[in-house]
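In what follows, a structure is listed as structure tokens, so that the remarks can point back to it.
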Amino acid sequence: MKMLNIACGSRYHKDWINIDIIADSPLIKKVNLLRGLPFEDNCFDVVYSSHYIEHLSEYNAKFVLKEAHRILKPGGILCLIDLDYNCLSHYNIPKKLKRTLFAIMKYLEEKANFDPYVGRKLYSFLYDLGYQDINVDVAAHHLIFGKLKDADAFNWFKKLEVVSRKINLQFEEYEGGYEEFLEDFKRFFTDPGRFTYTPVISCRGRKPLL
Ligand SMILES: C[S@@+](CC[C@H](N)C(=O)[O-])C[C@H]1O[C@@H](n2cnc3c(N)ncnc32)[C@H](O)[C@@H]1O
């Protein structure tokens, strides 16, 4: 079996061919996926991608998937995993905070090619390529209720802090700018009465034989 993990990051396995633009292990081959896949046609049994397509414009996503399709053997499996409704699904969230979170994600969507809604698109990507036996699973990537765990606090506070500093957003509804927004988010997120989840969608299908 010949298996390829594209944009593997730190999740790689010795039995796979692992590729990423950052190759910080001898088990990873350095490849810029936006320049195409350096493999011949019809040579892999499995191509796997997780948490990568969300970082691509729709044009680039389709280019990378076409390349994955090209190098898969007929009957081979393409498996895609990504989040949906990324960072946006909360209950008991104050309206101002919710509007600002949506504004941040919209900014990333429009200016940084980040797709918070890519999970729901994976099925259609495979369907449009003519894949067969498509199977879809949905699970909770984040599922946060009750007392906030240290790992969730670190993960969410850090990513919002880094993103808020980097982007050129006015945080119009907060007089104190992004710092006041972050305080508001921390207040909301540490309240054990809030509920947060993020769906992770995995979708796999078989390349047609003909
Ligand atoms: C969010 S990480 C996901 C890593 C891993 N697949 C996982 O599920 O944890 C996205 C990965 O895409 C890689 N990447 C980004 N642009 C790339 C490109 N043009 N070519 C290859 N890899 C790229 C990054 O280096 C990073 O490792």
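The values are calculated or read from the model by the stated rules, or taken from the named source; none is laboratory data. As the structure is a computational prediction, the values presented were derived from the model and not from experiment. Cβ placement follows ideal geometry from the backbone for every residue including glycine, while neighbour counts extend to all protein chains displayed.
For this structure, a couple of remarks:
- Remark: pairs (first residue in region 87-109, more than 20 Å from Val162 (Cα to Cα); second residue hydrophobic (A, V, I, L, M, F, W, C) and not in a loop (DSSP other than H, G, I, E, B); Cβ separation under 6 Å; 6+ apart in sequence or on different chains) = Tyr91/Phe195; Ile93/Phe188.
- Set His55, His51, His69: member being in contact with a Phe, Trp or Tyr (Cβ under 9 Å, 6 or more places away or on another chain), modelled with pLDDT of 95 or more and within 11 Å of the ligand (Cβ to nearest atom): His55
- Here is the figure for region 102-124: residues that are more than 14 Å from the chain's Cα centre (by Cα) and either crowded, with 20+ Cβ neighbours inside 10 Å or not hydrophobic (A, V, I, L, M, F, W, C) (or both) total 7.
- Scanning region 162-179 for residues that are in a helix (DSSP H, G or I) and within 14 Å of Leu108 (Cα to Cα) yields Val162, Val163, Ser164, Arg165, Lys166.
- Inter-residue pairs, beta-carbon under 8 Å, first on the phi > 0 side of the Ramachandran plot and in region 110-122, second surrounded by fewer than 17 Cβ atoms within 10 Å (Cβ to Cβ), 6+ apart: Asn113/His55; Asn113/Ser57; Asn113/Asn60
- In region 10-48, the residue that is surrounded by the most Cβ atoms within 10 Å (Cβ to Cβ) out of those that are near the ligand (Cβ under 9 Å from one of its atoms) and among the charged types (D, E, K, R) is Asp20.
- Those residues of region 1-16 which are in contact (Cβ under 8 Å) with a residue 24 or more places away in the chain and either touching an Asp or Glu at 6+ places or on another chain (Cβ under 9 Å) or assigned to a strand (DSSP E or B) (or both), in sequence order: Met1, Lys2, Met3, Leu4, Asn5, Ile6, Ala7, Gly9
- In this structure, Asn86 does satisfy being within 14 Å of the ligand (Cβ to nearest atom), in a loop (DSSP other than H, G, I, E, B) and either more than 20 Å from Ile134 (Cα to Cα) or under 22 Å from the mean Cα position of the chain (by Cα) (or both).
- Against the list (1) touching a strand residue (DSSP E or B) at 6+ places or on another chain (Cβ under 6 Å); (2) crowded, with 18+ Cβ neighbours inside 10 Å; (3) not in a loop (DSSP other than H, G, I, E, B), the condition Glu67 fails is (1).
- Looking only at region 70-85, and only at residues there that are in contact with a Leu (Cβ under 7 Å, 6 or more places away or on another chain) and not β-branched (Val, Ile, Thr), the one that is surrounded by the fewest Cβ atoms within 10 Å (Cβ to Cβ): Pro74
- Condition check for Leu169 on (1) closer than 21 Å to Pro199 by Cα; (2) of a type in the set (A, V, I, L, M); (3) at pLDDT below 95: one failure, at (1).
- Listed by first and then second residue, the pairs with beta-carbon distance under 9 Å, at least 6 apart or on different chains, first residue in region 21-43 and within 28 Å of Pro208 (Cβ to Cβ) and in contact (Cβ under 8 Å) with a residue 24 or more places away in the chain, second among the hydroxyl-bearing types (Ser, Thr, Tyr) and within 11 Å of the ligand (Cβ to nearest atom), are Leu33/Tyr52.
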